[in-house]
1. Can you list the lysines whose alpha carbon is less than 27 Å from that of Lys577, not counting same-chain residues fewer than 8 positions off?
2. For segment 157-240, what's the relative contact order in percent, using C-alpha pairs closer than 8 Å and at least 6 residues apart?
3. Quick one: Debye curve from the C-alpha atoms of segment 234-291, no solvent, what's log10 I(q)/I(0) at q = 0.23, 0.26 Å⁻¹?
4. May I ask for the Kirkwood hydrodynamic radius of segment 246-388, worked out over all distinct Cα pairs and given in angstroms to one decimal?
5. On a 0 to 90° scale, report how tilted helix 596-608 is relative to the longest principal axis of the chain, with both axes built from alpha carbons and the result rounded to the nearest 10.
6. Which value, in Å², gives the accessible area per residue of the chain when a 1.4 Å probe is used on the protein heavy atoms?
7. Show me 484-491, 510-517, 63-70 ranked by packing, highest mean number of other Cβ atoms within 10 Å first.
8. Note down, for segment 653-697, the three equivalent ellipsoid semi-axes (square root of 5 times each alpha carbon gyration tensor eigenvalue), biggest first, whole angstrom.
Amino acid sequence: MNNRYIKIPAIYNKLKTAEESGYPLYLSAPVGYGKTSALRYYCRKKSVLWLSGEGGRLPELPSPGRINEQIVVIDDITWITDENSRNYINELIERGDKLVLMSGRARLPEWLKASCIRHRFILADKKDLELDAAQTEKLLDTFQVKLLQEQITEINRNTKGHALSTLMVAYQMQNKDSYSEVVREAARLDVFHYYDKAFYEKWPSDMKRLLMAVANFDSFNVEFAEFVAEIEQAVKLFHTAMAIGDFLIKHEDGTYEMLPMLRLYLLWKQSLEENRDLQKGVLARAGLYYEKRDRIEEGLFYYDKIEDRESVSRLLIWNAEKHPGSGHYFETRNYYFKMPKEQLEKSPVLMSGISMLYSIMMQPENSEYWYDKLKYFEKNVAADHEEKREARRRLIYLDIALPHRGSHSLVDIMKNVAVSLLDRKITMPEFSVTSNLPSIMNGGLDFCEWSKSDRELARVMKKPIELILGKWGAGLVNIALAESLFEKGEKDVYEIMTLLNSGYTKADTGGKIEMCFVATAVLCRIHICRNQLKVARMQLTEFNEKAKNEAADRLLPNITAMEIWFDLLEGNIKEAKEWLETKAPNELREFFIMNRYQYIMKVRTYLVLERYEEAATLIERLSVYFKKYQRTYMDMENDVLKAILQYRMQLGDWKETLTQVLPRIEEYHFLNLVAKEGAAIRPLLQEMELLPVEESFENELIDMTQRMAVHYPNYLKVQKTLTEELTDAEKQILQLYCKGVEPKKVCELCRFTYNTLKFHNRNLYRKLGVGNRQEAERMAKELGI
């Protein structure tokens, strides 16, 4: 590059500073940025000893005292592994009688760091070597390439100031009138061929194999890299790659990322005919890596990428054997939909899975279509065929679990299923009653109707449930009964807590953590009703740790949503707002019914943030789902929140909404469904001339709601903010008023005349939006002043 070298002020000035100060300079940049050219240009008229470490050692080690040149340049320093050469360079630096200029393809080597600190190295990197648009134009001009300014800017943007890439464009642009994609691609290939000689052919074979493998991935850790490359000691090879060429970036979490230019080059190498099988094998092992770790989405992605249909089918069948709470139905829906219909019809598990998938996607007609297909399959397959037994158990499972069918006839279905299981010795597939929600009564299905006869059903259904659900039902009956009694405002709290603790123990020792979550959540709600929010928070925090320790990741989003409810009870809007913006599911991007608990919490958060239009939109979407799928509890809960929204928006419809929903709530005697909204629902109940419920229910409801409002007065309370900042004098006056200081004393303390105080009062009241001192004191508390 030297004959056509374009002076770059940034690196030139750093070299000049090094020469004037005598401090050593270390220049690091990847291949092709013009490190050597920059040094040669600067030193072109100076007395220089030029050494290179390209061969792993310096070719000569002249005695430092006998070097006549004033500047010693050591190029390709990162290739040096020879200890004598390293010691020699450090000795040159220590003597300090020569200007030492060093360059390499990686950041400062470990063996130079002590000298760097002692001798105050000047450090330069690729940013000091990058060409800007003007320098790009000058380089093109040396090749007699004349272009419009917009094309020069485009070349500079595409090459990112990389000197070698720009040079290759200049070669390709000779005798051409305009910059095009053809030129860009040809220049890119020229750069890649340069890389072959510059570093790839110098790499040891195991490094080639490792880096070629990991180039297929945006990021990777050591375990993953060793698995997909089928190689050991990846850490050592990564360290070498970073030492000789700065080819990788290591992040704090232990993952690595490959530099974009190198990654593009290695992917191009893999696209060549002789390397295609290598790439396919790497992607297949990536799929297997994720399959072994139950990370089905990543596994499917890589199997699908190499068109490994057998592995895709295997993973989809494995996923379909799980219930919606633990499976990845929604996330993998596109893979199910891509499967040929003929292939689906051959597998009872896949037909069951896609029937469930359509149900949770709110497409019950398609769900029933595949249910019928499965039923036809079961009817026509040979009696002694194993697939008949599988089809039968899948039909039984869907009869109980399909969300769109509701729970109205579930008692009879479960009794019949229990008999079938005893007679035919069929085992049930994996089943969850909670769908990872903090509720059984409002979990996988809505069991409000069961609550009307909860004690009787707990006695009658205990054995069928245990038989059908197995370990998934351990503790279920006790916890479900406790939840039902709590919702109805049962006064015997001791009985409820006894049921919950016994159910928790059964689930914890012989069942599933999902059931433990429900027990914990109901216990927390009991503590909250008793004004023991700190106890509830402590219990949920401990359970959160338990869920993490047991890798129950699917519970975590709903645990977090419940924690947000605790924050809202306290009036901690900051945490709720952060959750809404960073963690809460986005219903506008995709509405997924398994996120219903989080959606309800979003409605509450929208209310407290006065984002009423968004609250209204989500409420209406939820209403469609809740009614269509017979989700009675959440439908009523949604209507209560809708009434609060209408009240805050000053819409007269709120009374009509409450008038319609309260009798439904009374039908189930779900006092806590309303009472938990405490301070948010209390003004509505107070303004209703007559509640459309029986007097006894009304009295209980108002009493429980009043207690929650007193315990948590800031729940869903909109926090006021000042639109205009208070002056220091206004703040001082307001603070004194809040302490009960009389106006005369305020004047003395602030050294005001009474007229001055009146002037400040007018401005203070205007900014607070109030009319007198009492209102100002109240507003000060609301604003946290």
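1. Within the straight-line limit of under 27 Å, Lys577 reaches these lysines: Lys534, Lys546, Lys548, Lys602, Lys642, Lys676, Lys717, Lys720, Lys767, Lys781.
2. That works out to 19 percent.
3. -1.09, -1.11
4. Hydrodynamic radius (Kirkwood, Cα pairs) of segment 246-388 is 17.6 Å.
5. It works out to around 90 degrees.
6. Computed with neighbouring chains in place, this is 47 Å² per residue.
7. Working: 484-491: 19.9, 510-517: 23.4, 63-70: 10.8.
Going from most to least packed, we get 510-517, 484-491, 63-70.
8. Equivalent ellipsoid of segment 653-697: 15, 13, 10 Å, largest first.
The values are calculated or read from the model by the stated rules, or taken from the named source; none is laboratory data. In this text the structure is predicted, and so the values were computed from the model without any measurement. Cβ coordinates were reconstructed from backbone atoms using ideal geometry, including for glycine residues, and neighbour counts include every protein chain displayed. For the accessible areas, the whole protein counts, side chains as well, though only heavy atoms, and no ligand, DNA or RNA atoms are used. Shrake-Rupley method; radii C 1.70, N 1.55, O 1.52, S 1.80 Å.
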